[in-house]
Amino acid sequence: MSTPIAIATYFVLWWITLFAVLPFGVKSQRESGGDIEPGTDPGAPTVHVMWRKVLWTTLIATLIYGLAYGAYVNNLLPIEFLKRISSPPNP
């Protein structure tokens, strides 16, 4: 696997993981029982901890990428198999 492909794969995996991690631990203004700020949606988060989410995203994405890369290097995920399952069905 070339370096640009590896970086692009990790980048895409990181973004997918970020969108999966974003909702974890979020409490809305309504759920926290505090005052709802005027002009905001009651479902808006009271406190966002984006740096914590970025850290968790990086850790999880690195773990997933490492497992997938290890499977690729050890030929547990042959490229021919991936081509076969991702190609359109033959009529």
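Cβ-Cβ distances below 8 Å connect the following pairs, each with a first residue in segment 62-91 that is more than 12 Å from Ala6 (Cα to Cα), a second residue that is assigned to a helix (DSSP H, G or I) and β-branched (Val, Ile, Thr), and a separation of six or more residues or different chains: Ile64/Thr17.
Only residues that are without any contact (Cβ under 8 Å) to a residue 12 or more places away in the chain and not in a helix (DSSP H, G or I) were counted across segment 6-25, and they come to 1. Quick one: in segment 26-36, which of the residues that are in a loop (DSSP other than H, G, I, E, B) and on the phi < 0 side of the Ramachandran plot is surrounded by the fewest Cβ atoms within 10 Å (Cβ to Cβ)? Per the stated criteria, the residue is Asp35. Any residue in segment 46-68 that is assigned to a helix (DSSP H, G or I), more than 19 Å from the chain's Cα centre (by Cα) and at negative phi? For segment 46-68, residues assigned to a helix (DSSP H, G or I), more than 19 Å from the chain's Cα centre (by Cα) and at negative phi: absent. All of (1) surrounded by 10 or more Cβ atoms within 10 Å (Cβ to Cβ); (2) in a loop (DSSP other than H, G, I, E, B) hold for Gly39 with one exception: (1). In the condition set (1) modelled with pLDDT of 90 or more; (2) out of contact with any Phe, Trp or Tyr (no Cβ under 7 Å at 6 or more places or on another chain); (3) β-branched (Val, Ile, Thr), Val21 is compliant with all but (2).
The set of residues from segment 41-68 being modelled with pLDDT of 90 or more and of a type outside the set (A, V, I, L, M, F, W, C) comprises Arg52, Lys53, Thr57, Thr58, Thr62, Tyr65, Gly66. Taken together, the criteria exclude Leu76 from residues that are out of contact with any Lys or Arg (no Cβ under 9 Å at 6 or more places or on another chain) and at pLDDT 90 or above.
The values are calculated or read from the model by the stated rules, or taken from the named source; none is laboratory data. Quantities reported herein were computed from a predicted structural model and do not represent experimental measurements. All Cβ positions, glycine included, derive from the backbone under ideal geometry; neighbour counts span all protein chains shown.
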